[in-house]
Amino acid sequence: MSESGQLEEKIAHVKTIRTYKLGVIGLGEGRSILSAALQSDRWELVNVCDINEEMCKLRSSEFGLTRYTLRYEDMLSDPDIDVIAIYTPDQLHGRHIKMALEAGKHVIVTKPLLHSLDEANELLAVWKSSGKHVFVGQSSRFFEPMIHQRNDYLAGRHGEVDTVEAYYISDSRWFLQKDWSRQKGFSWMYNFMIHAVDLAKWYLPDIEEVFGYGHSSSNNKAFGLSVPDTMRFVMKDTEGRIAQVSGSYTKPTIKHVDPGISCTLRGTKGTSRAVYSKLLYHTHFPPEQPITHSYEEKFPYYFRFEGASHHAGEYQNYIEYFAECLDQGTTPKPDLNEGIHTIALMTAMERSMATGQPVKVKQILNDFSLDL
Ligand SMILES: NC(=O)c1ccc[n+]([C@@H]2O[C@H](COP(=O)([O-])OP(=O)(O)OC[C@H]3O[C@@H](n4cnc5c(N)ncnc54)[C@H](O)[C@@H]3O)[C@@H](O)[C@H]2O)c1
């Protein structure tokens with residue numbers, strides 16, 4: 001094709017793709033989705049909101065924004081906004097999702113979807129009557145090594161996977177500077193360990209029973225927290241496949257060995273391990289020799305501010321995916337049903353820690369009258 005023909009095709013393509021209009025609430029980690037939206041040709045950032053005006057001003061000067069609001073209602077009543085992205089403290093997600101759905105907006109909500117199952121039924125009812133999407137931004141699924149691992153899994157390179165080991169081990173005492181992390185409704189499991197739980201569940205969606213122990217260390221108690229900061233779990237799915245999920249959050253780590261987040265799949269034909277925040281993916285698919293794949297060249301794409309402390313690359317990947325789903329009329333996953341199921345699994349994990357007994361996920365769903 002001639003150069004002018006190619007140009008015409010490109011212009012025609014740009015004319016046919018739709019841009020979606022975004023409002024963002026919560027501008028701490030919300031910063032990463034601002035960066036993602038501003039770098040996307042699929043999204044237009046219409047407005048941003050935070051109750052802290054200093055934060056609004058900071059992000060406005062950082063990204064050259066011309067508008068912000070201190071009132072969530074301003075974004076909800078704006079007919080120009082299609083999708084609300086929620087990055088407020090964990091305890092507020094349920095309320096903010098409900099308000100967005102009632103205003104007729106699609107929702108992107110960061111993890112954890114909810115901080116307990118108490119709001120789940122009401123949210124499900126509002127969601128069903130809204131006809132809108134709720135997408136849970138489980139960012140680890142959208143990190144480069146995890147994307148490659150998923151592709152290998154879907155291509156069958158592992159054979160039959162019967163063991164998943166997922167970890168999130170970090171010294172995250174820095175996080176406890178945030179007021180809301182020391183208040184009721186925060187837990188290491190819901191805020192941090194959910195990354196490992198979600199990865200295990202991505203591969204073993206039918207986990208039916210879980211058993212585990214948790215402990216609250218003196219480092220944790222020094223911040224006034226009683227929720228466990230160290231947890232170890234074994235899970236079983238309906239076929240007898242096993243997941244092992246671990247988390248520790250207030251103790252020094254061996255930085256170059258402890259990966260942060262890690263997901264290992266062991267299958268009849270091969271094994272792989274994807275890690276975060278190093279851009280590394282380890283595989284052994286015989287007859288190939290073991291290989292370590294490095295995606296280090298993508299560091300600037302994934303980590304745009306202050307080292308590896310933010311998630312702009314993962315959010316870029318998930319908003320592009322979300323836009324494609326809207327284009328095609330498909331459901332972006334994980335959706336509200338899947339997200340609530342993950343919260344039910346974590347509720348079972350909490351109950352197992354409290355009782356010292358294995359707990360069935362179905363029992364939790366029954367106790368909360370949840371029909372997913
Ligand atoms: N990997 C990930 O996907 C990832 C990473 C980091 C944080 N997060 C999630 O992002 C959320 C926010 O975490 P953070 O680290 O940015 O916390 P943060 O405290 O730094 O930021 C939260 C912001 O929300 C604002 N806010 C609070 N209440 C509000 C309200 N009612 N209306 C409007 N704004 C309000 C605060 O002023 C603050 O600026 C949490 O749920 C956290 O789990 C996700």
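When the Karplus curve 6.51 cos²θ - 1.76 cosθ + 1.60 is applied with θ = phi - 60°, which whole-Hz ³J(HN,Hα) does each residue of the stretch 168-184 get, with x for Gly and Pro?
9, 10, 7, 9, 10, 4, 4, 5, 6, 5, 6, 3, 5, 7, 10, 9, 3
Just rank H133, H195, fewest to most, by other beta-carbon atoms within 10 angstrom.
Details: H133 21, H195 24.
Sorted ascending by nearby Cβ count, the order is H133, H195.
Stretch A222-K251 to full length: gain in nm at 0.36 nm per residue minus the Cα-Cα span? Could the numbers behind the result be given before it?
On the way: separation 29, 0.36 × 29 = 10.44 nm, distance 1.23 nm.
Net length gain for the segment: 9.2 nm.
With a ≥ b ≥ c taken as the square roots of the eigenvalues of the C-alpha gyration tensor of the stretch 248-310, please select rounded if a/c is under 1.5 and otherwise prolate if a/b is larger than b/c or oblate if it is not?
oblate
Karplus couplings for the stretch 223-234 from phi (6.51 cos²θ - 1.76 cosθ + 1.60, θ = phi - 60°), rounded to Hz, Gly and Pro as x?
Karplus-based 3J(HN,Hα) across the stretch 223-234 equals 9, x, 8, 10, 5, x, 10, 10, 9, 9, 9, 10 Hz.
Once phi is turned into ³J(HN,Hα) by the Karplus curve 6.51 cos²θ - 1.76 cosθ + 1.60 with θ = phi - 60°, what whole-Hz value does each residue of the stretch 354-371 show in order, with x for glycine and proline?
With the stated coefficients, the stretch 354-371 comes to 6, 9, x, 10, x, 10, 8, 5, 4, 4, 5, 4, 5, 4, 9, 6, 9, 10 Hz.
For the chain, what is the mean residue ellipticity at 222 nm derived from helices alone (per DSSP H run of n ≥ 4: -39500 (n - 2.57); sum divided by total residues; nearest 500 deg cm²/dmol)?
Numbers: 13 runs with 133 residues, N = 372.
Helix contribution divided over all residues of the chain: -10500 deg cm²/dmol.
With a/c under 1.5 counting as rounded, go ahead and sort the stretch 196-286 into rounded, prolate or oblate using the C-alpha gyration tensor (a ≥ b ≥ c being the square roots of the eigenvalues; past the cut-off, prolate if a/b is larger than b/c, else oblate).
Working: a/c = 3.15, a/b = 1.38, b/c = 2.29.
Oblate shape, in that a/c is at least 1.5 and b/c is the bigger or equal ratio.
Taking the chain as a Gaussian network, where each spring joins two C-alpha atoms under 10 Å apart, which residue of K105, K57, K236 fluctuates the most?
K57
How long are the three semi-axes of the equivalent ellipsoid of the chain, in whole Å, if each is the root of 5 times an eigenvalue of the C-alpha gyration tensor, listed from largest down? Each step should come with its number before you reach the end.
On the way: eigenvalues 204, 144, 92 Å².
They are 32, 27, 21 Å, listed from largest to smallest.
For Y20, what is the net charge nearby, where nearby means another residue's Cβ is under 13 Å from its Cβ and Lys, Arg count +1, Asp, Glu -1? Present the calculation step by step, with values, prior to reporting the outcome.
Details: positive: R18, K21, R42, K105, K132; negative: D41, E44, D80, D82, E320, E324, D327.
Value of the local net charge: -2.
As an exercise, use a Förster radius of 25 Å and the Cβ-Cβ distance of R173 and A354 to find the FRET efficiency, rounded to the nearest 0.05.
On the way: r = 24 Å, r/R0 = 0.98.
Efficiency computed from Cβ-Cβ geometry: 0.55.
Name the residues whose placed amide hydrogens come within less than 5 Å of the amide hydrogen of V24, ignoring near sequence neighbours (fewer than 5 apart) on the same chain.
HN-HN under 5 Å from V24: N47, V48, C49, A85.
Only the coordinates and a few stated rules stand behind these numbers; no lab work does. In this text, all values refer to a predicted model and were calculated from it rather than measured experimentally. Neighbour counts are summed over all protein chains in view; Cβ atoms, including those assigned to glycine, are modelled from backbone coordinates with ideal geometry.
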